[in-house]
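Pasting in a structure now, in structure tokens, and then I'll have a few things to ask.
The values are calculated or read from the model by the stated rules, or taken from the named source; none is laboratory data. Only a predicted model underlies this, so the values are computations on that prediction, with no experimental measurement involved. Using ideal geometry, Cβ is built from the backbone for each residue, glycine included, and neighbour counts are taken over all protein chains shown. Please note that ligands, DNA and RNA were not included when accessible areas were found on the heavy atoms of the full protein model with its side chains. Shrake-Rupley method; radii C 1.70, N 1.55, O 1.52, S 1.80 Å.
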Amino acid sequence: MENSSLLRHQIINNLMAQHTEKIADAAINLWEQMATQIISIVGEGGFNSLYARSLFLTQSTFPWLSADSTASKTGQRFAELKKSFEGQSPVQVSEANSLLLITFTDILASLIGEQLTTSILCSAWGNDASDGSGKEFKHG
Amino acid sequence: MNRNDNDDTSKASDPGQPVVTSRHKDKLPESLEKNITRRESTVIANEEAVISREKLATAREDAAHVRENAADLRERKATSREGAAHLREGNATSREGAAHLREGKATSREDAAQLREGKATSREDAAHLREGEATSREDAAHLREGKATSREDAAQLREGEATSRERRIHVVEMKQAASEDHVAMLQQANEHLVIATIEAQKLAEQVQMAKNQLDYLAHHDALTDLPNRMLLQDRLNQAIELAHRQGRQLAVMFMDLDRFKHINDSLGHSVGDQLLQSVAQRLLACVRHSDTISRQGGDEFVLLLSFIEHAEDAALSAQKMLASISQPHRVEGHDLHINVSIGISIYPDDGRDAETLIKSADTAMYHAKESGRNNYKFFEQNMNDLAVQRQSIEASLRRALERQEFVLYYQPKINLHSGVIVGVEALIRWQHPKLGLVLPTQFMSIAEDCGLILPIGRWVLREACLQARIWQQADLLPVTVAVNTSALEFRDKDFLENIRATLKDTCLEPRYLELELTESVLMRDAKSTDSVLHALADLGVKLAIDDFGTGYSSLSYLRQFPIDTLKIDQSFVNLMTSNADDATIVSAVISMGKSLNKQVIAEGVETAEQSASLLALHCDEGQGYYFCRPLEAEALATLLQTGVLLSFTD
């Protein structure tokens, strides 16, 4: 469990480290890919609840993060988050989004287990995830 | 059938048969003619039979036609051909009619008859053939009907299969729809579970935060945010345990602000609270992070120095704090000056548990106060004896009222010009059964601390009023009796009512009662003070400000309040002949009092020089050992008989 958790964190960090230009767009893209997968399993409401909770927890480290958790339509869901990113340096964006993703997936893993969480991330990010980590997802 | 066909051979060889030639036709014998006729009749009969069979065949064909119509429309073509056959038969009949006409020519007719016979035979054959064909068509029609039936069966079979397939497809569709509903329900269930879990996490976090907050509040002082008594106790216990294991020392300092009560009373609790916050910040700045500075309550603080090498380390810390606290504190526009008295106890010498160490430090702190305040004292074992004495006094005080151990002494107030006694100040003494006569400085602070000041104050008021009334009833010089009133009494909700009731019960006119109040009592909560003072003035009671010059007075309030007398504090009077500044203050107070139409009286006059100086400054009244010490009621009654002090009569 411990190793899998570390792998998930490493994947997220590596994915964020891949993009040095237009990092805000890359960050939002990761969120949109993941949102599609997770909404199909836990619905809009479930995703929004997880997302709002993750933001709340991450804001203690990055107070400038903000998001309108009520904007649930695709394409608008992460508009506020992107707006927050645009005022920050690429390093800040990378660190903040990594922590936000890790927090989100930590909560998800606490609800549905590490294995299923990793499987969902694999479906969402596909080759990007395995390429970025240099390793393949190992379920279980 | 064919025996009548034209056959030359048969004609020649058959003599029985008439021979008819064309040459002899017109001459045919009658028998032959008859024979021909008979044969023609036979032919005709045959033809009729044929016609009859044809009709029968036609009927059967019609029946077949009907059947064929049900099976296939193409049968109409056969029917058309049947019509053509009928037409041809009609033509044959016509030709037979023509044969009758040609009967004249026997041969011809015979040939024709033979021909007709042949044709009739042919027609019979044709009729048989048609019957055969009709039969074949009937068979064909039956066959087609059979095929049609087979096709219908096949169609029904196919329809059955199609129905089965439709049913199977419907079942599959039903299953698929049910599966989609199931997925949607699962997604909805997941959504609810996630939201509920997140909400539960939030609630759990809020509960934990509330617990932490409650825990913090339970262990910290709300005003200063310093650790409170409970947390100090815990940390002190841990520090003692550690010091014991490591063979080290620790120090406990008990600190009490000097005269904080005066500031609190005069400037109000809001200023007092802010001053305490300022003091707390100063103390925090003087200690290490590992030390604990706590507020015990009121103006008391306790510091735990959890590790010291020598007792001198604690002394250094105490000096640092004394210097820091004595710097002015800026609060609501006031520059407040305050000092602190510190008592120090050392583990393990002055105690081996938290309670003893704090108690020892507290005892040392009292000694620091008694040694002039604004300093620190280390605990010494003999201090405990004094502390025990203090505890003993508190216990005895509670019994003193019941046992009527208090007595009042009266010190005269003198007109400096005439020496006439213008009033007396009632001063309490405690006639202790073991300690003897105890002065108020030795027990009044304890009485204030333990709340006995209220019943003692009420006793003093009643006793003084009663005594004044007794003197009046004895036809002695009527004088005003002054009673000191503490802040606790003045703020007591029953204060005014108690004054009224006491005056009424003792039958003393209010103008013979004077209440002495300090500046700090008056200036605190000026609005309510003003209300009480005016109520007293309306009642006729006189009011004096005691120890004037040592507290914080507002000149505007001085004008506003119905004050009759200013009593110059003895500290100024004592030094006025040796210190020009004190003399100036005394002079200024006298001038101000006169300007405001107040009586001015000097307290603590102890020498003739002071008395003379006061007179020179136009002070009208004085009080002090120089004129007279406080006396018991009987002794004062003697003085009141003349009303003038002996020193002035000499």
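Here is a check on your reading of the model: is B:A588 open to solvent by 20 Å² or more (accessible area, probe 1.4 Å), in contact with a Ser or Thr (Cβ under 8 Å, 6 or more places away or on another chain) and either not hydrophobic (A, V, I, L, M, F, W, C) or not in a loop (DSSP other than H, G, I, E, B) (or both)?
No: the conditions fail for B:A588.
With respect to B:R462, determine if the residue is touching a Lys or Arg at 6+ places or on another chain (Cβ under 9 Å), surrounded by fewer than 19 Cβ atoms within 10 Å (Cβ to Cβ) and either assigned by TED's automatic domain parsing to the domain that holds B:L536 or in contact (Cβ under 8 Å) with a residue 12 or more places away in the chain (or both).
In short, no.
Yes or no, residue by residue, for (1) part of a strand (DSSP E or B); (2) in contact with a strand residue (DSSP E or B) (Cβ under 7 Å, 6 or more places away or on another chain):
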| position | (1), (2) |
| --- | --- |
| B:Q238 | no, no |
| B:H244 | no, no |
| B:A251 | yes, yes |
| B:L257 | yes, yes |
| B:Q274 | no, yes |
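Does segment A:78-113 hold any residues that are among the hydroxyl-bearing types (S, T, Y), surrounded by fewer than 15 Cβ atoms within 10 Å (Cβ to Cβ) and part of a helix (DSSP H, G or I), and which are they?
Scanning segment A:78-113 gives a single hit, A:S110.
Based on what the data block shows, is B:A280 part of a helix (DSSP H, G or I), open to solvent by less than 60 Å² (accessible area, probe 1.4 Å) and within 14 Å of another protein chain (Cβ to nearest Cβ)?
no
Which one of these is buried (at least 16 other Cβ atoms within 10 Å of the Cβ) and more than 14 Å from chain B (Cβ to nearest Cβ): A:A26, A:A17, A:A35?
A:A26
I would also like to ask the following. Select, from B:Q206, B:Q188, the only residue that is modelled with pLDDT under 90 and within 14 Å of chain A (Cβ to nearest Cβ).
B:Q188
Answer yes or no as to whether B:M230 is over 30 Å from B:V302 (Cβ atoms), open to solvent by 90 Å² or more (accessible area, probe 1.4 Å) and away from chain A (no Cβ under 14 Å).
No; evaluated as a whole, the condition is false for this residue.
Oh, and also: State the number of residues belonging to segment B:352-389 that are among the small types (G, A, S), assigned by TED's automatic domain parsing to the domain that holds B:A251 and free of Cβ contacts under 8 Å to residues at least 40 places away in the same chain.
Going through segment B:352-389 one residue at a time, the tally reaches 3.
Continuing with this model, one more query. Would you mind finding the one in B:A544, B:A612 that is hydrophobic (A, V, I, L, M, F, W, C), surrounded by fewer than 21 Cβ atoms within 10 Å (Cβ to Cβ) and modelled with pLDDT of 90 or more?
Criteria check complete, one pass: B:A612.
Against the condition open to solvent by 80 Å² or more (accessible area, probe 1.4 Å) and either assigned to a helix (DSSP H, G or I) or more than 14 Å from chain A (Cβ to nearest Cβ) (or both), how does B:A200 come out, does it pass?
no
With the condition being aliphatic (A, V, I, L, M) and under 48 Å from the mean Cα position of the chain (by Cα), I'd like the strands (runs of 3 or more DSSP E) fully within segment B:292-406 carrying at least 2 qualifying residues.
It comes to B:300-308, B:339-347.
Restricting to segment B:209-222, and then to whatever is away from chain A (no Cβ under 14 Å) and open to solvent by 60 Å² or more (accessible area, probe 1.4 Å), can you tell me which residue is farthest from the chain's Cα centre (by Cα)?
B:A222
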